[in-house]
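S.K.: Sharing a structure with you now.
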Amino acid sequence: MTDSASTTAEKASENATIPPEVVAKLKTFNDALTALENALEPHLKADFEEHMNRDPTELARIDLMSLFTVNSLSWSLLALKGQDPRKNEALQAELDRTKAYGNRLKIEESRREHSGVNEKVAKALVRNALFDAQEYGDKKKTKK
């Protein structure tokens, strides 16, 4: 029975060939899906304890990546249904919200990177705070 089913499927595929442009799009989609699976693999393999022990910034990055993944899959689903994802207001609102979170994460990461003291500014602040105008005037008069 399986032999007849496979030969029927082979005959059907020979009679109804898929247009080359559709094959190209399917190949591109398959490549993108494979890349997505490869990118998610290390995160999906981690157990809950390991996941929760990560740095808060790392957790935020993972959550943001998850949001972008779901949004991308929603975009693909709408496109597969023949709808224009750019005209879907709910999806656009979600994309805008996700982008806003991404910008907030970038700001937070830059704050963490540049949280140190700017030595040049600190030295100038101390020098100017200790500045005595009268003493500076006396030194200037003695030089003349």
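S.K.: Among residues belonging to region 75-91 that are among the aliphatic types (A, V, I, L, M) and loosely packed, with under 12 Cβ neighbours inside 10 Å, point out the one that is modelled with the lowest pLDDT.
M.R.: Checking each candidate, the answer is 80.
S.K.: Further question on the same structure: Looking at region 1-74, what helices (runs of 4 or more DSSP H) fall wholly within it and have at least 2 residues that are exposed (fewer than 10 other Cβ atoms within 10 Å of the Cβ) and modelled with pLDDT under 85?
M.R.: On the way: elements: 2-15, 20-45, 48-52.
Fully inside region 1-74 and qualifying: 2-15, 20-45.
S.K.: A further question on this structure: Looking only at region 93-127, count every residue that is within 25 Å of residue 34 (Cα to Cα) and not charged (D, E, K, R) and tell me the total.
M.R.: Summing the residues that are within 25 Å of residue 34 (Cα to Cα) and not charged (D, E, K, R) in region 93-127 gives 3.
S.K.: What pairs can you find where one residue is in region 75-102 and of a type in the set (A, V, I, L, M, F, W, C), the other is surrounded by 14 or more Cβ atoms within 10 Å (Cβ to Cβ) and outside any helix (DSSP H, G or I), and their Cβ atoms are less than 8 Å apart, with a gap of 6+ or different chains?
M.R.: These pairs meet every condition: 78/88.
The values are calculated or read from the model by the stated rules, or taken from the named source; none is laboratory data. Owing to the predicted nature of the structure, the values given are computational and were not obtained by experimental measurement. Note that each Cβ is placed from the backbone with ideal geometry, even for glycine, and that neighbours are counted across all protein chains shown.
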